[in-house]
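Chemist: Following this message is one structure expressed as structure tokens.
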Amino acid sequence: MDDLLSEFLTETTENLEIVDIELVRFEADPSDQATLNNIFRLVHTVKGTCGFLGLPRLEGVAHAGETLLGKFRDHAIEVTPDLVTLTLRCVDRIKEIVAGLGETGVEPDGDDSALLADLHAAAEGKAAAPVAPPQPLRPARVGPNGERWDEDLQRFLRPGEVSLADLETAFRTTQRGADEAPAPRLPAGREAVKQAATAPAPFAAKARPEPDDEEAHGPRDPASQTIRVSVDVLENLMTMVSELVLTRNSLLQMVRTLNDSEFKTPLQRLSNITAELQDRVMKTRMQPVGGAWRKLPRIIRDICRDVGKKIELKLEGEAVELDRQVLELIKDPLTHMVRNSADHGIESPATRIMAGKPETGTIHLSARHEGGHIIIEIADDGAGLNTTRIRDKAVEKGLLTAAEAAALSDAQIHRFIFAPGFSTAAAVTNLSGRGVGMDVVKTNIEVIGGAIELHSVEGQGTTFRIQIPLTLAIVSALILGARGQRFAAPQTSVVELVRVGEGAEHKIDEINRLKVLRLRERLLPLIDLGEVLKLAPGLEGERAVHTVVVMQVGAARFGLVVDDVHDTEEIVVKPLASLLRGTPALSGATILGDGAVVVILDPNGLAATLGAARVEAAKAAHAPALLAQTGAEEKSLVLFLAGDGEKAAPMELVTRLEDVPCEKIERADGRAVLQYRGALMTILHPNGLHALAREGSQPLLVFAQDDFAFGLAVDRIVDVVRERVTFDLTADRPGLLGVSVIRGKATEVIDVSYYLAQAQAEWGDRRARRAVKGRLLLVDQSAFARNMLSPLLTAAGYQIEAVASVEDAWALNKRGDAFDAIMTDLDSDRQSAADFARRLSQDPLWGEAARVAFSGEAREAENFAEVVRKSDRAGLLAALDYALKTRRNAA
Amino acid sequence: MSKQACDYVTFEIAGRMFGTDVSTVHDVFRLEALTPVPLARPDVAGLLNLRGRIVTAVDARRRLGLAPREQGYAGAMAIGVERGGESYGLVVDRVGDVLRLDGEQFEETPASLDEGWREVSRGIFRLKGELLVELDMDRMLDAPAAATAV
């Protein structure tokens, strides 16, 4: 294609995009002369140039459009939304022709007569309307072919030429666009521009401020300031700079080992220059994010017109720059999301008024820098996500069971909109809601190492927050070692490093085969890098000390267990060869300063290996506990799902957490048993045996005591937490201790003794037939302690009576109940415990009973045979055994 | 079938002679410091730094489902090729001379050739007392047919 033509096409395409935006702005404020002048100039330029290039069809359309715009400008006709739509149609036609030109190099065939007729009719018809045209400042002189007289040049304008006055206006309005960027500006100049913009004179530019504003002079000859460079040239340049950076890195590495080398100084200079060069070349690739937004005002306007909504699009931070490669990749996702917000988010004016909101909805799009990332937010004040509908849809699609769905928080449910093929749009409009959407958006963003989060409140709106890296080319990376191999992890995802293992402050726990790290009262799911990458074990064998690299991807946080952390290094990301693409958890490769090749880990891919549910669980664990009641005891609890909603069981009672294959559970006459550690174990489910998993694996809580064990089957083990347990509601059905607020959610705490009794009954009362070791009395005002200790001691072969107060205990005494041992809590009320013990020692009925006290700290207490910790199960049983034995011996 | 006379880089894989058109070969190099790629296709030997470029090394033996090399990759020879702007190295047992082979010696891949070999063969040259298989480099770098069929 002809150079001239291709340049014309590039320029025209850019200009048309501006015209789109300007027209929408102009429609909102028809008195804005500056905007109109800018539009006029752009269309005029198109017309002029195509006459010159011999493009009759394009010229015809542009000319008709220009005529109409001219009437607007001269106030000959009133601007109405219909007329703006007509103008936009004209612009669309121009785009169409330009696109055809771009493909074939010649104007495409087509009939513009209908459009032309409309444009002419609009220009003519309304021109006759009795809108008194205001007198121009001076009579416009018109040349023989309709050319305009230019005062500055003192001659008629040539076709395609733009008057200096118009140019001035254009520059002014272009600056207006940039005005919204947070660049420091002269307030006086801005005022003046505003005045100019609102001045009723047709030649607004005449009211311009004194030319002391140097910006007005700067771009007078834009052609000499900028050149067009093909993107390929920049890409090549970038690649070469990347190579230079690598070479520099290896040189630095070599010289580091030499003392007093004469290379040091020149190398330092080379290093600085390389860094600067890298910086500059990066800059050439940077483009304002506003470029990706250009189409949006027009899209919003069209949606408004099509579906009868009123939406204001607020753009903020258009000047924020990012790598053009990144920009290209986020353009479509952004457009899609804004379209979604307009189509699904913002309600119709009537609905909005009914909801007590302003008739016009707002979509606020903003971009800003934040610690090496760009944050883009899309916020609307619309209806918000319909949690119920998403929940139903997720269940309907089989993504989770109804019970699981009920247990998830709203925010967790909202994340399902990112699931593939997920769309809840009731009606599929021509704009969106076709089920290809948010999952693609999420993937596209994650591909470039970004992350997306959303926050939605029903009735108040939805905010999407996208975090994307500034550039993809050079990143700072942490070099890690696992099983003798080195890896690079992008520094932007790394939150902190924690040492674990022997002698370290932290250690790794295991819940349901998922390794976790308890870090500042948060439970962090762990991924063992060596395991997940299936690396061959290193020569040195299993390490005693590891490092956990805490990583954050979007809202998900996890720990990566590695052997060593070597260094941080600036690395140039190279894509993996095509035959390696799709390798999970790897995003590329790089050459380190020492010349070695290492693969780059993909934090998103790693997070995916954890499984969404586990990441969600970890996220939920971040939520601050809403309950911070004082006085109540802090307990370790296993949280699990079984039937409806989340349930909890005291961790102290649980011997193990297991996950067994379903087929291992055998059923016989209404019972379920499992071959477990060489014996048969009864399996129960809180909702009955029909609720057992039918395929895959069955999570179990195993409660074992001596040689008796039973398994409580649950749907899913969620987490282990430490919480203060206070029963806000007491149990109203068997098997339940009560309801407590755990992690801010009402959670049922199960009564283990109930299930124990059931298991024993099923087991043919084997336990019951065994000789009772002794009768125990437990006096403890904490219901939790009573309920926790009863099953434990029952299982150990004791008969137990538990009462809440000393008064209740004496009531039993009056009845004549005899006990072998009496246990009480020492910490809650030391005085009354001491009184109780003294009185016990003198009591004729209970004086001989062994007295055991519970205390949080190990110490001796007067009148008590033993003091044990409540959670020390083995210690308690040993103490009881010992106390009873000595008592019997004494007797 | 006639074929223009042309220069061939010859090499040996598991005791068999192979050749590939010299114009398709970028370079021949010795493997040093190979970085394994976790979870990759089994025939990917690893990545290496060849004068600042990252080269993906493909193990010819593994690609053809043969017993792996006894002596490991250190010091092994590789045939460097470029494909789609990416650099690959085919790890072979031994690199031989560059031979000028005549079209007259060329024959279609015989049906008697083992299926694994046939898939990557463009045809054979009958040399004195020996057969030389012309290797289809593109096929070698693609996943084995059996693997993609799964």
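The values are calculated or read from the model by the stated rules, or taken from the named source; none is laboratory data. In this text the structure is predicted, and so the values were computed from the model without any measurement. Cβ: placed from backbone, ideal geometry, glycine included. Neighbour counts: every protein chain shown.
Chemist: Mind checking which residues of the stretch A:324-352 are touching a Pro at 6+ places or on another chain (Cβ under 8 Å) and of a type outside the set (Val, Ile, Thr)? Can you show your working first?
Modeler: So the first thing to find is which residues in the stretch A:324-352 are touching a Pro at 6+ places or on another chain (Cβ under 8 Å), and the list is A:326, A:352.
Listed by number, the list holds a single entry, A:Arg352.
Chemist: Which one of these does A:Pro650 not meet: (1) in contact with a strand residue (DSSP E or B) (Cβ under 8 Å, 6 or more places away or on another chain); (2) modelled with pLDDT under 75?
Modeler: Unmet condition: (2).
Chemist: Still on this model: What is the one condition in (1) on the phi < 0 side of the Ramachandran plot; (2) without any contact (Cβ under 8 Å) to a residue 12 or more places away in the chain that A:Leu252 does not satisfy?
Modeler: (2)
Chemist: Which of the following residues is among the acidic types (Asp, Glu), over 19 Å from A:Leu576 (Cβ atoms) and either in a strand (DSSP E or B) or within 14 Å of chain A (Cβ to nearest Cβ) (or both): B:Glu82, B:Glu119, B:Glu70, B:Glu32?
Modeler: B:Glu32
Chemist: Does the stretch A:287-308 include one or more residues that are in a helix (DSSP H, G or I), in contact (Cβ under 8 Å) with a residue 60 or more places away in the chain and over 23 Å from A:Gly345 (Cβ atoms)?
Modeler: No, the stretch A:287-308 contains no residue that is in a helix (DSSP H, G or I), in contact (Cβ under 8 Å) with a residue 60 or more places away in the chain and over 23 Å from A:Gly345 (Cβ atoms).
Chemist: So is B:Leu48 of a type in the set (A, V, I, L, M), closer than 30 Å to A:Leu601 by Cβ, in contact with a Leu (Cβ under 6 Å, 6 or more places away or on another chain) and assigned to a strand (DSSP E or B) or not?
Modeler: Against the criterion (of a type in the set (A, V, I, L, M), closer than 30 Å to A:Leu601 by Cβ, in contact with a Leu (Cβ under 6 Å, 6 or more places away or on another chain) and assigned to a strand (DSSP E or B)), B:Leu48 qualifies.
Chemist: In the stretch A:516-523, is there at least one residue being at pLDDT 80 or above, under 24 Å from the mean Cα position of the chain (by Cα) and more than 30 Å from A:Pro699 (Cβ to Cβ)?
Modeler: no
Chemist: Can you name every residue in the stretch B:130-150 that is more than 14 Å from chain A (Cβ to nearest Cβ) and at pLDDT 80 or above?
Modeler: Residues satisfying the conditions are B:Glu130, B:Leu131, B:Leu132, B:Val133, B:Glu134, B:Leu135, B:Asp136.
Chemist: So, one more: Based on what the data block shows, is A:Gln253 in contact with a Pro (Cβ under 8 Å, 6 or more places away or on another chain) and modelled with pLDDT under 80? Spell out the reasoning first.
Modeler: On the way: in contact with a Pro (Cβ under 8 Å, 6 or more places away or on another chain): no; modelled with pLDDT under 80: yes.
Taking the combined requirement at face value, the residue does not satisfy it.
Chemist: Output the residue which, of all residues in the stretch B:40-51 that are more than 23 Å from A:Thr239 (Cα to Cα) and facing chain A (nearest Cβ under 7 Å), is modelled with the lowest pLDDT.
Modeler: B:Arg41
Chemist: Exactly one of (1) in contact with a Leu (Cβ under 6 Å, 6 or more places away or on another chain); (2) within 14 Å of chain A (Cβ to nearest Cβ) is unmet by B:Met17. Its number?
Modeler: (2)
Chemist: Assuming A:Met354 fulfils every condition listed in (1) more than 19 Å from the chain's Cα centre (by Cα); (2) hydrophobic (A, V, I, L, M, F, W, C); (3) modelled with pLDDT under 85 apart from one, which condition is it?
Modeler: Evaluating A:Met354 over (1) more than 19 Å from the chain's Cα centre (by Cα); (2) hydrophobic (A, V, I, L, M, F, W, C); (3) modelled with pLDDT under 85 leaves (3) as the failure.
Chemist: Further question: Suppose we keep only residues that are touching a Phe, Trp or Tyr at 6+ places or on another chain (Cβ under 8 Å) and within 12 Å of A:Ile363 (Cα to Cα) within the stretch A:298-340. Which one would you say is surrounded by the fewest Cβ atoms within 10 Å (Cβ to Cβ)?
Modeler: A:Leu315
Chemist: Looking at this structure, is B:Val37 within 10 Å of chain A (Cβ to nearest Cβ), over 12 Å from the mean Cα position of the chain (by Cα) and not aromatic (Phe, Trp, Tyr)? Write out each step before concluding.
Modeler: Numbers: within 10 Å of chain A (Cβ to nearest Cβ): yes; over 12 Å from the mean Cα position of the chain (by Cα): yes; not aromatic (Phe, Trp, Tyr): yes.
Against the criterion (within 10 Å of chain A (Cβ to nearest Cβ), over 12 Å from the mean Cα position of the chain (by Cα) and not aromatic (Phe, Trp, Tyr)), B:Val37 qualifies.
Chemist: Does B:Ile54 count as crowded, with 20+ Cβ neighbours inside 10 Å and either within 14 Å of chain A (Cβ to nearest Cβ) or outside any strand (DSSP E or B) (or both)?
Modeler: Here the answer is yes, as B:Ile54 does meet what is asked.
Chemist: Here's another thing I want to ask about it. Being under 21 Å from A:Lys885 (Cβ atoms), surrounded by 14 or more Cβ atoms within 10 Å (Cβ to Cβ) and of a type in the set (A, V, I, L, M) is the filter here, so list the residues in the stretch A:809-844 that pass it.
Modeler: Matches in the stretch A:809-844: A:Ala821, A:Ile822, A:Met823, A:Ala837, A:Leu840.
Chemist: Considering (1) within 14 Å of chain A (Cβ to nearest Cβ); (2) not in a strand (DSSP E or B), say which one B:Ser23 fails and leave the rest.
Modeler: Unmet condition: (1).
Chemist: Tell me, which residue of the stretch A:571-587 that is among the polar types (S, T, N, Q) and under 26 Å from the mean Cα position of the chain (by Cα) is nearest to the other protein chains (Cβ to nearest Cβ)?
Modeler: The residue in question is A:Thr583.
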